[in-house]
1. Name the residue that is surrounded by the most Cβ atoms within 10 Å (Cβ to Cβ), counting only residues in the range 60-78 that are away from ligand 2 (no atom under 16 Å from the Cβ) and over 28 Å from D102 (Cβ atoms).
2. Could you identify the single residue in L208, L178 that is within 17 Å of R22 (Cα to Cα), near ligand 1 (Cβ under 10 Å from one of its atoms) and in contact with a helix residue (DSSP H, G or I) (Cβ under 8 Å, 6 or more places away or on another chain)?
3. Being over 26 Å from P70 (Cβ atoms) and among the aromatic types (F, W, Y) narrows it down to one of F154, F139, so name that one.
4. With respect to A42, is the statement that it is assigned to a helix (DSSP H, G or I), among the aliphatic types (A, V, I, L, M) and more than 16 Å from ligand 1 (Cβ to nearest atom) true?
5. Can you find, within the range 98-122, the residue that is farthest from F61 (Cα to Cα) among those that are charged (D, E, K, R) and outside any loop (DSSP other than H, G, I, E, B)?
6. How many residues does the range 160-216 contain that are among the hydrophobic types (A, V, I, L, M, F, W, C) and part of a loop (DSSP other than H, G, I, E, B)?
7. Condition first: of a type in the set (G, A, S) and surrounded by 22 or more Cβ atoms within 10 Å (Cβ to Cβ). Can you find one or more residues in the range 92-103 that meet it?
8. Would you pick out the residues in the range 131-149 that are surrounded by fewer than 24 Cβ atoms within 10 Å (Cβ to Cβ), of a type in the set (S, T, Y) and either in contact with a Phe, Trp or Tyr (Cβ under 6 Å, 6 or more places away or on another chain) or assigned to a strand (DSSP E or B) (or both)?
Amino acid sequence: MQDDQSQRTGSRSAASPPAGFRLLPGRFDRAMQQALLEEIRAVVAAAPLFTPVMPRTGTPFSVRMTNCGPLGWVSDRTGYRYQPEHPVTGQPWPAMPQRLLDLWQELAPDAPPPEACLVNFYAPKARMGLHQDKDEATFEAPVVSVSLGATALFRLGGRSRKDPTRSFRLASGDVLVLGGEARLAHHGVDRLLPGTSTLVRDDGRINLTLRRVTPG
Ligand SMILES: O=C(O)CCC(=O)C(=O)O
Ligand SMILES: [Fe+2]
């Protein structure tokens, strides 16, 4: 028999996940998801979603983005980077909701506070290719990610792009932590599973990714 965790991670025959990987299914209940969604709506009202493009090629991402916190992650033809202002409005990013700062405190008590919360908005056909989160100047803190809305089929690999990958589902309210050995693990979203949540309208998904960018 598979236990619940191995069923979720599809890890029956694969190697065990890297140390520092944590999946907290249902960490946010529906009421907390709703409250967080309202806070993210306020963030998007102040800092509208933009469509990042790939460096050099200018190919648009299928995911639209914004940020909250002192720094925000952006991508344009000149590269990937963190910056204190919105690339279109030139305004500072809105503050990070206290609920997210509390989550970070709970999951990364020894790390300095998060500086960036990237807000990824996925329409039903959006995806995110396999990548590492490595634009930060420090990897001392974990990446903490919160999923809202449609379930994502998430892929997690290793530090090398060639390492084997495993797939699992990230449902609304799930929290994922990539720290320690897993901090530089490759990961991506293969696709969304339609009809899996009513939280975000039109089968959309929002992912919030909290990161420390500069050394503490
Ligand atoms: O949407 C997700 O679950 C992953 C997002 C991600 O990997 C990123 O923003 O770097
Ligand atoms: Fe990532």
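1. Selected residue: D76.
2. L208 is the lone residue from the list that is within 17 Å of R22 (Cα to Cα), near ligand 1 (Cβ under 10 Å from one of its atoms) and in contact with a helix residue (DSSP H, G or I) (Cβ under 8 Å, 6 or more places away or on another chain).
3. F154
4. yes
5. Start the filter on the range 98-122 by keeping residues that are charged (D, E, K, R), which leaves 99, 102, 106, 110, 115.
Filter again for outside any loop (DSSP other than H, G, I, E, B), leaving 99, 102, 106.
Numbers: R99: 28, D102: 30, E106: 32 Å.
Result: E106.
6. Going residue by residue through the range 160-216, those that are among the hydrophobic types (A, V, I, L, M, F, W, C) are 168, 170-171, 175-178, 182, 184-185, 189, 192-193, 199-200, 206, 208, 210, 213.
Pick out the ones that are also part of a loop (DSSP other than H, G, I, E, B) and you get 171, 184-185, 199-200, 213.
Counting residues in the range 160-216 that are among the hydrophobic types (A, V, I, L, M, F, W, C) and part of a loop (DSSP other than H, G, I, E, B) gives 6.
7. Here is the first cut: in the range 92-103, the ones of a type in the set (G, A, S) are 95.
Now narrow it down to the ones that are surrounded by 22 or more Cβ atoms within 10 Å (Cβ to Cβ): none.
Scanning the range 92-103, I find no residue that is of a type in the set (G, A, S) and surrounded by 22 or more Cβ atoms within 10 Å (Cβ to Cβ), so the answer is no.
8. The one that is surrounded by fewer than 24 Cβ atoms within 10 Å (Cβ to Cβ), of a type in the set (S, T, Y) and either in contact with a Phe, Trp or Tyr (Cβ under 6 Å, 6 or more places away or on another chain) or assigned to a strand (DSSP E or B) (or both): S145.
The values are calculated or read from the model by the stated rules, or taken from the named source; none is laboratory data. Owing to the predicted nature of the structure, the values given are computational and were not obtained by experimental measurement. Reconstructed Cβ throughout: ideal geometry from the backbone, glycine too, with neighbour counts over all protein chains shown.
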